[in-house]
Amino acid sequence: MDVFLTQYDWIQRTRDSLFHYCETLSPSDYVKNLETFGGDSICSLHAHVADCYRVWLGDRALGKSLPKIKSESINNVQEMREIFKQTDVLVHEFLNEFEGKWDQTVQVSFANGDSVKITSLWLFTHTITHEFHHKGQIVKIGRQLGYIPPDTDLIEV
């Protein structure tokens, strides 16, 4: 068993549960910006999560030049699901590239000129924990909008 592929499968199942929940929201609530969340919407948080995978795994680890994901160009949950299908392809490419090389480092440079070496394991861990952090915010926003979320913990079955 490849533990990281299995782990990502659980993440995808959990994400699917969250998408099903988001499909119960009105389209206007999915894109509604809430000041209590710094002006973010559920849609913008989803886009931010997908963009994190793109930046850390695609741009930085795999050396790809990928366009930024902009929430304002996404109008509904189905369009976001399509973005995440592309994200899944990218994650699987990353997992295949670094399989068995989880201590391999990647040189990462930042806009302020700083640079650091980060392991491929750190990159994967960062992106998946980042997604779960924002999953919690998405559920919280839904609650503030009056929707009752399902259990969105890891789905194993």
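For this structure, a couple of remarks:
- Residue in segment 110-119 that is touching a residue at least 60 places away in the same chain (Cβ under 8 Å) and surrounded by 12 or more Cβ atoms within 10 Å (Cβ to Cβ) present: no
- Verdict on residue 62 being modelled with pLDDT under 95 and among the aliphatic types (A, V, I, L, M): no
- When segment 141-151 is filtered for residues that are surrounded by 11 or more Cβ atoms within 10 Å (Cβ to Cβ) and in a loop (DSSP other than H, G, I, E, B), the ones remaining, listed by number, are 145, 147, 149, 150.
- Identity of the residue in segment 1-48, closer than 29 Å to residue 93 by Cβ, of a type in the set (D, E, K, R) and surrounded by fewer than 15 Cβ atoms within 10 Å (Cβ to Cβ), that ends up modelled with the lowest pLDDT: 2
- Condition check for residue 138: under 17 Å from residue 21 (Cα atoms) and assigned to a helix (DSSP H, G or I): yes
- If you go through segment 32-89 and keep only what is among the acidic types (Asp, Glu) and within 25 Å of residue 124 (Cα to Cα), you end up with 40, 51, 59, 79, 82, 88.
- The single condition among (1) closer than 13 Å to residue 135 by Cα; (2) touching an Asp or Glu at 6+ places or on another chain (Cβ under 9 Å); (3) not aliphatic (A, V, I, L, M) that residue 30 does not satisfy is (1).
- Filtered by the rule that a residue be crowded, with 17+ Cβ neighbours inside 10 Å and hydroxyl-bearing (Ser, Thr, Tyr), segment 122-140 gives a lone residue, 127.
- Some residue of segment 34-53 being under 25 Å from residue 153 (Cβ atoms) and over 19 Å from the mean Cα position of the chain (by Cα): yes
- Among all residues of segment 1-13, there is none that is of a type in the set (A, V, I, L, M) and farther than 21 Å from residue 97 by Cβ.
- Selection status of residue 15, among the basic types (Lys, Arg), in contact (Cβ under 8 Å) with a residue 40 or more places away in the chain and in contact with a helix residue (DSSP H, G or I) (Cβ under 9 Å, 6 or more places away or on another chain): yes
The values are calculated or read from the model by the stated rules, or taken from the named source; none is laboratory data. All values reported here derive from a predicted model rather than from experimental measurement. Using ideal geometry, Cβ is built from the backbone for each residue, glycine included, and neighbour counts are taken over all protein chains shown.
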